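Reading through the structure tokens given below for one structure.
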Amino acid sequence: MRHNRCVTSDEIRELFLGFFEERGHLRLPSGSLVPASFDPSVLLTTAGMQPLKPYFLGQEKPPRTLLTTCQKSFRTVDIENVGTTTRHLTFFEMLGNFSIGEYFKQGAAEYAWELSLEGFGFNPKDIWVTVHEGDEQLGLGPDEEAIEVWEAIGVPRSRIVLLNSEENFWQAGPTGPCGPCSELYLDRGLEWGDPGDLPGGDNERFLEYWNLVFMQFDQDPVGTLTPLPAKNIDTGLGLNRMALIQQGVPTIFETDQFMPLMTLGRELATTEPDERALRILADHTRGMTFLIADGVVPSNEDRGYVLRRIMRRALLQGHRIGIEHGFLPHYVSTVIDTMGAAYPELRAQHETIAKWARAEEESFGHTLEQGTKLLDDLLSAGAVSGADAFRLHDTYGFPIELTREIADERGVPFEGAADFEALMEAQRARSRQTGGRTMAAGLSVEGEPTTFTGYEHLEEHTTVTAVSEQDGRTIVKLADSPFYAEGGGQVSDAGTIACEAGDCLVRVADVVRAGDDQAIVVEAVDGTLKPGERVVARVDREARNATQANHTATHLLHAALRARLGPHVHQAGSYVGPDKLRFDFSHTQRLSEQERRDVEDQVNEWILRNDPVRPLTTTLDEAQRLGSMALFGEKYGDVVRMVEVGDGTYSRELCGGTHVRSTAEIGLFKITSEGSSASNVRRIEAVTGPEAVGLLRRHDDLLHQAADALRTQPERLPEAVAALRAQARAAAKAGAATEGPDAAELAARAAQVDGAVVLAEVVDAPDAKALMDIADRVKGQLGDSAAIVLGTAVEGRVHLVAAVTPALVQRGVRAGDVVKIAAQVTGGGGGGRDTMAQAGGRDPDKLPEAIEAARAAIVHALG
């Protein structure tokens with residue numbers, strides 16, 4: 001049937017790319033699994049054409065009209081299929097050749113035929129093809145052109161099969177580039193099926209190995225096809241599937257990329273492993289490794305949730321077959337050993353990938369055994385409700401998909417999806433915070449794009465090219481504008497636009513991006529602007545200077561965090577304004593006081609060195625060669641702006657923002673807060689320059705006021721405070737030994753909730769034992785239907801206690817669950833009985849928030 005001309009996956013990859021390189025195609029590196037920011041249609045890169053989408057749409061000029069790639073791809077829809085079939089994967093490699101306005105159906109078919117015969121060694125009699133049968137709703141008839149092409153190549157009409165749009169019309173999402181396609185199938189013989197089998201049917205005899213997409217339409221809106229600027233070719237050949245064919249094995253999991261992972265699972269298992277568990281471990285650890293290498297970190301949202309889901313599925317399977325805790329890094333190393341030569345970013349990010357793998361395994365490991373035991377109890381009882389699934393998700397971190405999957409394996413019905421979603425939405429509603437600006441939404445900007453001149457100077461004599469009223473706002477366009485439009489985390493400039501004749505003046509309220517253009521939102525002060533008017537545009541110099549000081553300081557902060565914490569630190573969001581900077585970054589835990597001090601000291605050391613800050617225009621390849629940091633998911637063209645500090649050894653970033661000329665202009669850098677922004681994402685806020693000086697002066701004033709109140713010198717204030725605290729602690733202990741806190745006064749603060757009495761308060765207590773005593777006394781005041789949560793902060797530690805009467809335990813309020821929810825807010829944990837439980841935490845600043853979370857949990861359980 002064929003000749004094994006290439007055996008390993010690496011050889012298949014090189015054969016394909018080399019074949020098209022020899023025929024004038026430019027080989028491009030794989031794009032990130034995180035799609036570019038201009039493509040909101042998908043969460044992760046699912047096909048080879050996605051990074052090339054702007055070329056097909058005519059939005060950008062391609063580096064060459066003929067391209068070839070091996071693209072990293074990830075499909076979430078197949079997560080639950082992995083392990084149950086012989087070929088489904090989440091992460092895979094997609095080989096492709098692309099023509100943008102050059103060859104079309106004939107050229108694509110001829111190349112595919114030649115490589116199939118001469119490269120892959122297939123017998124032409126074993127190759128069948130499918131074409132699009134047409135679609136009345138899309139206004140398309142059968143693809144007669146494709147049929148004629150294949151017949152001209154030598155494929156008999158009897159081996160050309162017409163299939164419907166579900167099989168032979170390709171699109172990356174509900175809208176965007178699309179078109180009919182033609183697929184190549186390999187007939188593996190009657191030992192794999194029956195004489196009546198056909199390509200596209202539910203059989204193993206015909207194996208599809210190459211999809212040729214004739215991309216000629218843009219679908220927007222759904223169901224409406226518009227011809228693209230040029231007829232294009234986008235093909236996809238799954239590397240792993242071709243390896244299955246070439247290596248002559250029945251399943252993908254027996255090919256060379258997977259066998260080391262399957263072998264590792266068998267070696268680590270302490271029970272007889274089932275094939276499905278080994279396959280899930282092999283696939284998911286591959287996907288996990290590549291996702292983390294591309295900057296995704298485990299979280300409860302978007303891509304981070306996909307990553308967390310496959311990591312926890314892998315951990316569950318490892319747990320089931322008896323693999324000892326701490327096994328994920330072993331899989332990471334095996335993936336990198338197998339694929340690091342083809343994807344150097346894996347080797348470069350090995351330490352970071354292993355760090356996140358260890359952290360997630362440690363985090364989930366604490367609750368896996370407890371959660372699976374609870375789920376086993378529920379399954380043994382014969383049913384799992386939506387409330388049960390929510391509790392598993394909320395308390396133990398079990399994704400709903402995991403609960404549903406395990407229930408299905410055990411043959412237990414789960415019909416609580418609607419109830420689960422209602423509970424989730426109620427929780428989201430409680431925690432939802434509105435924010436963000438939508439100023440750009442709906443703005444219409446026409447005409448020649450504005451030229452931004454704000455890098456060079458802050459005042460511009462220019463011409464008004466357009467004035468319009470949109471949604472109650474006055475929108476102005478300038479021929480040349482010194483105003484920076486909000487983007488990259490940096491706020492827009494403020495300032496004024498005045499007529500040169502002196503008869504009008506407007507205030508700049510906002511500057512927003514509209515593609516490569518900008519629109520200026522103005523508020524009238526005197527007179528009105530008109531198109532064609534000569535004006536003077538002036539940026540608010542003080543605000544711009546403060547903003548750019550904060551922006552350069554953000555780059556320094558990023559560099560200092562990576563130097564102190566490790567290369568796993570990546571930007572996850574930012575705000576840069578004249579008032580402060582805010583920087584979100586990937587990291588698993590709170591910074592220690594020493595880490596925070598080290599980072600702050602490092603930034604100030606670089607400021608004092610007065611290093612030059614140089615924006616450089618260079619090629620993307622050169623910027624990457626120099627080690628420039630890029631924001632994951634951002635789209636960069638071939639020519640980029642790179643901001644380099646000093647000699648570039650500690651800070652090079654791709655950035656379009658405005659910056660100081662040298663680090664000394666920042667003046668001073670002071671961190672004001674450090675906390676959690678999201679799961680595995682930390683947030684630092686800081687001030688620079690005059691704001692930082694003002695903050696230090698205010699702190700100095702407070703220091704002197706405190707010293708005066710304690711009749712001591714500022715230098716001796718810590719001793720005086722320590723003595724005062726010792727006195728207070730002694731007094732509190734004495735009080736606890738006699739009367740203690742006024743239980744009646746605390747009880748009076750309780751609230752009636754649905755027939756129960758609920759008290760959730762922050763109190764003063766010298767230690768955890770005293771807090772427990774207080775809870776006992778208050779419980780005696782509140783009767784038989786009471787739930788109490790009390791919290792205190794002592795010497796930088798949080799202590800929490802929950803007490804619930806048996807009557808409320810029967811209604812679903814459990815002290816252990818409540819106190820754990822509160823503890824998680826403060827970065828801690830704990831538990832206990834249903835009627836009494838204790839916990840601790842590390843973040844006293846979050847204590848009020850923790851008490852409110854506990855109160856909400858009690859109310860939710862009651863309702």
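The values are calculated or read from the model by the stated rules, or taken from the named source; none is laboratory data. Given the structure is predicted, the values throughout are model-derived calculations rather than measurements. Backbone-built Cβ (ideal geometry, glycine too); neighbour counts: all protein chains shown. Protein only, heavy atoms only, side chains kept; ligands, DNA and RNA dropped before computing areas. Shrake-Rupley method; radii C 1.70, N 1.55, O 1.52, S 1.80 Å.
Return the residue satisfying two criteria in turn: it lies in the stretch 163-195 and is open to solvent by 70 Å² or more (accessible area, probe 1.4 Å) and over 21 Å from residue 141 (Cα atoms), and of such residues it is nearest to the chain's Cα centre (by Cα).
For the stretch 163-195, the residue satisfying everything is 192.
Quick one: how many residues across the stretch 681-714 are assigned to a helix (DSSP H, G or I) and among the aliphatic types (A, V, I, L, M)?
Residues that pass the stated criteria total 9.
Of the numbered conditions (1) open to solvent by 50 Å² or more (accessible area, probe 1.4 Å); (2) among the β-branched types (Val, Ile, Thr); (3) under 23 Å from residue 36 (Cα atoms), residue 658 satisfies every one except a single condition; which is it?
Result: residue 658 passes all but (1).
Filter the stretch 490-521 down to residues that are open to solvent by 30 Å² or more (accessible area, probe 1.4 Å) and of a type in the set (Gly, Ala, Ser) and give me whichever is modelled with the lowest pLDDT.
515
Matching residues to (1) farther than 20 Å from residue 541 by Cα; (2) polar (S, T, N, Q); (3) under 36 Å from the mean Cα position of the chain (by Cα):
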| position | (1), (2), (3) |
| --- | --- |
| 472 | yes, no, yes |
| 481 | no, yes, yes |
| 492 | no, yes, yes |
| 498 | no, no, no |
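When residue 264 is evaluated against the numbered criteria (1) open to solvent by 10 Å² or more (accessible area, probe 1.4 Å); (2) closer than 26 Å to residue 572 by Cα, which criterion, by number, is the only one it fails?
(2)
On the given criteria, is residue 309 part of a helix (DSSP H, G or I), modelled with pLDDT under 90 and either under 30 Å from residue 187 (Cβ atoms) or basic (Lys, Arg) (or both)?
yes
Of all residues in the stretch 603-624, which are open to solvent by 50 Å² or more (accessible area, probe 1.4 Å), part of a helix (DSSP H, G or I) and over 30 Å from residue 30 (Cα atoms)?
605, 608
When you check residue 205 against the structure, is it more than 30 Å from residue 60 (Cα to Cα) and open to solvent by less than 70 Å² (accessible area, probe 1.4 Å), yes or no? If you could, list the steps in order and put the result at the bottom.
Working: more than 30 Å from residue 60 (Cα to Cα): yes; open to solvent by less than 70 Å² (accessible area, probe 1.4 Å): yes.
Here the answer is yes, as residue 205 does meet what is asked.
Only one of 354, 418, 407 is open to solvent by less than 40 Å² (accessible area, probe 1.4 Å), over 23 Å from residue 256 (Cα atoms), in a helix (DSSP H, G or I) and not β-branched (Val, Ile, Thr). Can you tell me which? Let's see the steps before the verdict.
Values: 354 fails: over 23 Å from residue 256 (Cα atoms); 418 fails: open to solvent by less than 40 Å² (accessible area, probe 1.4 Å).
The conditions single out 407.
Does the stretch 109-121 contain at least one residue that is farther than 26 Å from residue 290 by Cα, modelled with pLDDT under 90 and not in a helix (DSSP H, G or I)?
No, that holds for no residue.
Being touching a residue at least 12 places away in the same chain (Cβ under 8 Å), open to solvent by less than 90 Å² (accessible area, probe 1.4 Å), within 27 Å of residue 849 (Cα to Cα) and not hydroxyl-bearing (Ser, Thr, Tyr) is true for just one of 710, 695, 703. Which residue is that?
Just a single option satisfies the conditions, and that option is 695.
Within the stretch 586-602, does at least one residue satisfy the condition of being out of contact with any Ser or Thr (no Cβ under 8 Å at 6 or more places or on another chain), buried (at least 17 other Cβ atoms within 10 Å of the Cβ) and closer than 17 Å to residue 551 by Cβ?
Within the stretch 586-602, not a single residue is out of contact with any Ser or Thr (no Cβ under 8 Å at 6 or more places or on another chain), buried (at least 17 other Cβ atoms within 10 Å of the Cβ) and closer than 17 Å to residue 551 by Cβ.
Kindly check whether there is at least one residue in the stretch 768-781 that is surrounded by fewer than 24 Cβ atoms within 10 Å (Cβ to Cβ) and either among the hydroxyl-bearing types (Ser, Thr, Tyr) or within 23 Å of residue 591 (Cβ to Cβ) (or both).
no
Answer yes if at least one residue in the stretch 716-737 is at pLDDT below 90 and outside any helix (DSSP H, G or I), and no otherwise.
No, the conditions are met nowhere in the stretch 716-737.
Looking at (1) open to solvent by less than 10 Å² (accessible area, probe 1.4 Å); (2) without any contact (Cβ under 8 Å) to a residue 60 or more places away in the chain, which is the only condition residue 96 fails?
(2)
What about residue 361, is it open to solvent by 40 Å² or more (accessible area, probe 1.4 Å) and either part of a loop (DSSP other than H, G, I, E, B) or touching a Gly at 6+ places or on another chain (Cβ under 8 Å) (or both)?
Spelling it out, it is not the case that residue 361 is open to solvent by 40 Å² or more (accessible area, probe 1.4 Å) and either part of a loop (DSSP other than H, G, I, E, B) or touching a Gly at 6+ places or on another chain (Cβ under 8 Å) (or both).
A quick yes/no check of all residues on (1) open to solvent by 20 Å² or more (accessible area, probe 1.4 Å); (2) in contact with a strand residue (DSSP E or B) (Cβ under 6 Å, 6 or more places away or on another chain):
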position: 44; (1), (2): no, yes
position: 76; (1), (2): yes, no
position: 79; (1), (2): no, no
position: 82; (1), (2): no, no
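Would you please name the residue that is surrounded by the fewest Cβ atoms within 10 Å (Cβ to Cβ), looking only at residues in the stretch 529-574 that are within 20 Å of residue 693 (Cβ to Cβ) and basic (Lys, Arg)?
Once the filter is applied, the top-ranked residue is 541.
Please determine whether any residue of the stretch 236-243 is touching a Leu at 6+ places or on another chain (Cβ under 6 Å) and either within 17 Å of residue 47 (Cα to Cα) or touching a residue at least 60 places away in the same chain (Cβ under 8 Å) (or both).
yes
For a quick check of your reading: which strands (runs of 3 or more DSSP E) sit entirely within the stretch 781-850 and have at least 2 residues that are touching a residue at least 40 places away in the same chain (Cβ under 8 Å) and small (Gly, Ala, Ser)?
786-794, 836-841
Is it the case that residue 61 is out of contact with any Gly (no Cβ under 8 Å at 6 or more places or on another chain) and assigned to a loop (DSSP other than H, G, I, E, B)?
yes
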